Structure formats: C-alpha cells, structure tokens
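A.B. asks: One structure, pasted below without further comment.
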Amino acid sequence: MSSGGVFAFNPGDHFMNNYANHNFTPEALETFQGYSLQAFASGRIKLSFHRTHIHRDEYYAERPKRDAEAYHRQRRRSAEALPNHFALVDTLRTDRACGATLRVHLKGDNNKTADNAHVLLSWSICCGAEAMIVNVSFNSLFYGWLLYRYEDAR
C-alpha cells in the first residue's frame, strides 16, 4: 500500500489518568525515532513506535464489536482528563464520516486500552481509486494516512 499524511498538533491534554498511556503524549512521541503503521486485511492496525532500529513499543488498534458504545464508555471515563483529545476525535468522527472507531491497546494485552489514542477509518475515492483514510489520534496530535489497495497504487 502507498500512503501519504499530514501532522496537526493541538496543545493540551497533559493530565493523565489510569487509562491514558504515557507513550502517546507529545513529549513521549518526540523521544521515538519514528513510528510505523501496518493495516491488515482482518481490519486490525498495528502501530510500532521505534525507540531504536531494533527496540519497539507495539500496539494494536481493533474495532470492538460495538465500537460506538465502547468509544462513549471511554469518553465518559476520560473526557474530563483529556478534553482536547476527545474534542479532536469527535471532530474527526463527524467531519470525516468515519465508518469505524478502533481502540488502541498494548500488544499482547487487550486490557491495556489507551483512552488517549484512537484510530478512525473512513473510505473515499481519491484520484479515481478507492482509498481507506486512517486517522490516528494521540492525545491532541493526529496523523492522517491515505492507503490505496496495492493494485490501485501501481
């Protein structure tokens, strides 16, 4: 898949609760050498944050069975601590007509869900080809990816 993206940053949301992952704060993201995103045919997204070329912190984004209910549950418990994050996610959900809101959790532990990170999926026709738009939101920073099917990218 080929991709392209753009960064946008909104300061704030530095107060953490038990459901927020410190790796998704702007200060922590600056310490990584980079990150990669993999989209799987199963619908899962893998986010890898590179500490070095060998060491990574890995997370998966998966769609809960009832993603709207799961998102509202996260919002209820963390909106006071992360108002800018949830304002950004709500805006992206509305403006981008997101078809799915994926929850982000630590690789190997579905219970380590991060309320300060979400992946939002929508679909569009771009340059005559169907594309999936992946918006990744960390605290109040978001990154947008435009992913084409391999056949359409050639």
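FYI, it's all coordinate maths here, none of it is from the lab. All of these numbers come straight from a predicted model, not from anything done at the bench. Positions of Cβ are backbone-derived with ideal geometry, glycine not excepted, and every protein chain shown enters the neighbour counts.
A.B. asks: How large is ³J(HN,Hα), in whole Hz, for each residue of segment 24-36 in order, when computed from phi with the Karplus curve 6.51 cos²θ - 1.76 cosθ + 1.60 and θ = phi - 60°, using x for Gly and Pro?
C.D. replies: 9, 7, x, 5, 5, 4, 5, 7, 7, 6, x, 9, 10
A.B. asks: Okay, next question. What ranking do 82-88, 124-130 get when scored by the average of other Cβ atoms within 10 Å per residue, highest first? Before the final figure, lay out each step's value.
C.D. replies: Working: 82-88: 20.6, 124-130: 10.1.
Put in order of decreasing packing, that is 82-88, 124-130.
A.B. asks: Using alpha-carbon pairs under 8 Å, 6+ residues apart, how would you state the relative contact order of segment 12-122 in percent? Each step should come with its number before you reach the end.
C.D. replies: Values: 169 pairs, mean separation 30.8, N = 111.
Computed value for segment 12-122: 28 percent relative contact order.
A.B. asks: May I ask you to derive the relative contact order of segment 61-154, considering only C-alpha pairs under 8 Å and at least 6 residues apart, and to give it as an integer percent?
C.D. replies: Details: 145 pairs, mean separation 22.0, N = 94.
It comes to 23 percent, rounded to a whole number.
A.B. asks: Net charge around GLU62, counting only other residues with Cβ within less than 9 Å of its Cβ (Lys, Arg = +1; Asp, Glu = -1)?
C.D. replies: Working: positive: ARG44, ARG63, ARG103; negative: none.
So the surrounding residues net to +3.
A.B. asks: Taking 7 Å along the Cα-to-C-beta vector as the label spot, tell me the ALA79-ALA129 distance in nanometres, rounded to one decimal.
C.D. replies: 4.0 nm
A.B. asks: If you don't mind, another one. Which value in Å is the Kirkwood Rh of segment 42-91 over different Cα pairs? Before the final figure, lay out each step's value.
C.D. replies: Working: mean 1/r = 0.0767 Å⁻¹.
Value: 13.0 Å, from the Cα pair sum.
A.B. asks: Sticking with this one: Label segment 30-135 by shape, choosing from rounded, prolate and oblate, from the square roots a ≥ b ≥ c of the eigenvalues of the Cα gyration tensor; if a/c is under 1.5 it is rounded, and otherwise prolate applies when a/b is larger than b/c, oblate when it is not.
C.D. replies: Since a/c reaches 1.5 but b/c is at least a/b, the shape of segment 30-135 is classed as oblate.
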